[in-house]
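Take a look at the structure below.
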Amino acid sequence: MVIVMSPKATQSDIDKVVERVKKNGLKVHLSTGEECTIVGVIGDKKKIASLEMNMMEGVEKTLRVTEKYKLVSRNFQAEDTVVDVGGEKIGGKHFAVMAGPCAVENIEQLREAAFAVKKAGARFLRGGAFKPRTSPYDFQGLAEEGLKLLRSVADEAGLKVVTEIVNHDDIDLIGKYADVFQVGARNMQNFELLKALGKADKPVMLKRGLSATISEWLNAAEYVMSGGNNNVILCERGIRTYETFTRNTLDLSAVAAVKELSHLPIVVDPSHGTGRWQMVRPMARASVAAGADGLIIEVHPHPEVALSDGDQSLTPKNFEILMAEVSEFAKFMGKEL
Ligand code: PEP
Ligand code: MN
């Protein structure tokens, strides 16, 4: 249930409402907006059903929330969430670009990629140190060695680090080096991992599962938020369809859907979303136009020799062109790069 307080409600009205909800053994999620305060009620369905709040002083109306996810819902918080990653913001008017190689391969490759993406205007360095590969014979990542390289190169270039976590036992290890935990498509419903990240003190970027509905994806985000971690960024990275020309089908309608259903920021990954470097620029432009809060793009100094995802990686030169286009589109959408 959501209790919408009247714009005229006093602090004491709000306190009394909160107190009554808590007395009934239910939890409260308070969202204080510019217009009004929203009191989200979480807990046992039967208890919520018997809660009578409409007559209380300062209450404008109550709404039943039918979706299973609550904390991620726009009904619970009208304002956009802005995730602050050590001073770099994503959400609201803050547009963020994350870029770098699919996998960390060696220091030369990473440095070249990092300095190029920084120069072009990216604020985050991406790169996998633990790679969930389709084949066990493919390059699996440099593990801790890769994390160390990411941290030192990102610090040198002045970037934040986004990197994938595949195992909940690695939270402390990855948290030592990364600024944002990336949950990959294959782990979107790894609930033990999501629960563990709910207790982490760093933001989580949750990629949409290969065949996940928007509702399943938002419920996965609810796992993280219900653990106490409110800093969740969603990432649309394409879904599995019957089409084979592209690696995945980038579902940009999910951006508009998420904007309607949730207050969480959403970034788009046109690299995995298409699997073809030629399509990354047009889809990046379309993502901004659809209302995305950011982009995550694979950039490799030499895509032809990349150990993973070379076909979808941009050269530094093409990334620079993309950034020039994206910054114009972002401006048009009222966002700052
Ligand atoms: C990646 O970002 O390199 C990656 C493996 O992405 P996804 O989980 O979307 O496939
Ligand atoms: Mn990749």
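Just a few scattered comments:
- In this structure, the residue pairs whose Cα-Cα separation is over 26 Å, taken from 131/195; 131/335; 148/207; 131/176; 16/89; 259/335, are 131/335; 16/89.
- The range 83-332: antiparallel DSSP beta bridges as a percent of all, rounded to 5: 15
- Of 255, 73, 43, farthest towards positive along the dipole that unit charges on Lys, Arg, Asp, Glu beta carbons give the chain: 43
- Expected-Rg normalisation [2.2 N^0.38 Å, Cα atoms] applied to the range 284-337: 1.25
- Full-extension gain in nm, residue 133 to residue 65, via 0.36 nm per residue minus C-alpha separation: 20.6 nm
- Counting neighbouring Cβ atoms within 10 Å and putting the fewest first, the residues 326, 104, 2, 28 line up as 28, 2, 326, 104.
- Residues 235, 36, sorted so that the one with the fewest Cβ neighbours within 10 Å comes first: 36, 235
- Å³ per residue enclosed by the Cα convex hull of the range 2-63: 67
- Fewest-first ranking of 217, 277, using other Cβ atoms within 10 Å as the exposure measure: 277, 217
- The chain, dipole about Cα centre (Lys/Arg Cβ +1, Asp/Glu Cβ -1), debye to the nearest 20: 720
- Using the rule -39500 (n - 2.57) for each DSSP H run of four or more residues, divided by the residues of the chain, the 222 nm mean residue ellipticity is -10500 deg cm²/dmol.
- One decimal place: the segment residue 278-residue 215 gains 19.6 nm when fully extended, by the rule 0.36 nm per residue minus the C-alpha distance.
- In loop segments of the range 217-285 as defined by DSSP, the GluC sites (Glu not before Pro) with at most 14 further C-beta atoms inside 10 Å of their C-beta are 243.
- In terms of overall dimensions, the C-alpha atoms belonging to the range 121-162 reach 34, 20, 10 Å along their principal axes, ordered largest to smallest.
- A straight chain from residue 176 to residue 88 at 0.36 nm per residue would run longer than the Cα-Cα distance by 29.9 nm.
- Shape class for the range 134-255, computed from the alpha carbon gyration tensor (a ≥ b ≥ c): oblate, with a/c not under 1.5 and a/b at or below b/c.
- Overall dimensions of the chain as given by Cα atoms, namely Rg and Dmax in Å: 20.9, 68
- Taking 18 Å as the straight-line reach from the Cα of residue 8, the aspartates and glutamates in range (excluding those fewer than 8 positions away in the same chain) are 34, 35, 57, 60.
- Here the average projected area of the convex hull drawn through the C-alpha atoms of the range 178-224 stands at 2.8 nm².
- The modelled label-to-label distance between residue 16 and residue 325, using points 7 Å beyond Cα along the C-beta direction, is 5.8 nm.
- Straight Cα distances below 18 angstrom link residue 27 to the aspartates and glutamates 13, 15, 19, 44, 52, 67, 222, with same-chain residues fewer than 8 positions distant left out.
- Note on residue 245 and residue 168: the model spin-label points, each 7 Å out from Cα along the C-beta direction, lie 4.2 nm apart.
- For the chain, the relative contact order works out to 16 percent when only alpha carbon pairs closer than 8 Å and six or more residues apart are counted.
Bear in mind these aren't lab numbers, they're just calculated from the coordinates by the rules spelled out. From a predicted model like this one, the values you see are computed outputs, not experimental measurements. Positions of Cβ are generated from backbone atoms using ideal geometry, with glycine treated the same way; all protein chains shown enter the neighbour counts.
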